[in-house]
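**Q** For reference, the structure I am asking about is given below.
The values are calculated or read from the model by the stated rules, or taken from the named source; none is laboratory data. No experiment lies behind these values; they were computed from the predicted model shown. Quick reminder, even Gly has a Cβ in these numbers, built from the backbone with ideal geometry, and neighbours come from all protein chains shown. Keep in mind that these areas ignore ligands, DNA and RNA; they rest on the heavy atoms of the full protein, side chains included. Shrake-Rupley method; radii C 1.70, N 1.55, O 1.52, S 1.80 Å.
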Amino acid sequence: PRTRYPDDYIQELADSIKANGDILQDLMIRKRMSNPLRPLSSWTLEEDGYEVIFGHCRKRAGMRAGLDTAPAKEVTMSDDQVRLAQLAENLNRKDLTFLEEAETLQRLRDTYSIDELQSISGKSRTYVYNQLKLATASEIVKIACRSGKLNQELATLIARIPVHKLQDQALKVALEHSSQNDNVGYRKTKRDLLDKYSLYLKDALWALD
């Protein structure tokens, strides 16, 4: 799920590893799944190797600390089991960005029901639905989320707009008020998004029946 590895955190971890002389907690790894399109004769452990399930930050910090090896424990897990375990761990540690969480929930949606995702994440149904909607936002909106220009509530409002082109326009409205880093600016942004990109039926120009 994690796509960002803050440099200051990796450096702090690397300094700790140098002080201890090694990585103290084992990485959790599994054998990398072979590419089924390759000839059977080329399926060698050397080419396939292993992939890390837990310990990506420790791996990066260990490399920065100059280690050639790291303690590791091999397990057998399917792709779905890996995604589920990674999501649960990162949610418990609360260091997953809201967009990373949304995209992971979206990947799990093919396998698990809303009720199951609710149980896995420990969140409400409304929160899960909002996160699944956020995962479908336009790429420009996602870039704004990753760069910290857009918070979760406003990003969710924009993601509810059904057309990506309109989402991108709504993003401009939100960013216009970004300099007003206070409650007044936030309320105005939210009101503008609702006024310009949502339809209140009481204001409709046609008969509601």
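**Q** Which count do you get for residues in region 92-122 that are modelled with pLDDT of 85 or more, closer than 25 Å to LYS149 by Cα and of a type in the set (D, E, K, R)?
**A** Total meeting the criteria: 3.
**Q** Something else about it: Output the qualifying pairs, or none if there are none: Cβ atoms under 9 angstrom, residues six or more apart or on different chains, first residue in region 185-199 and closer than 14 Å to GLN169 by Cα, second residue at pLDDT below 75 and surrounded by fewer than 12 Cβ atoms within 10 Å (Cβ to Cβ).
**A** LEU194/TYR200
**Q** Report the residue count in region 60-80 for those that are open to solvent by 90 Å² or more (accessible area, probe 1.4 Å) and in contact with a strand residue (DSSP E or B) (Cβ under 9 Å, 6 or more places away or on another chain).
**A** Within region 60-80, the first condition is being open to solvent by 90 Å² or more (accessible area, probe 1.4 Å), and the residues that meet it are 60, 63-64, 68-69, 73-74, 76.
Still in the list and also in contact with a strand residue (DSSP E or B) (Cβ under 9 Å, 6 or more places away or on another chain): 73-74, 76.
Qualifying residue count for the region: 3.
**Q** Hey, among the residues in region 107-123 that are open to solvent by 90 Å² or more (accessible area, probe 1.4 Å) and part of a helix (DSSP H, G or I), which one's farthest from VAL82 (Cα to Cα)?
**A** Here the answer is ASP115.
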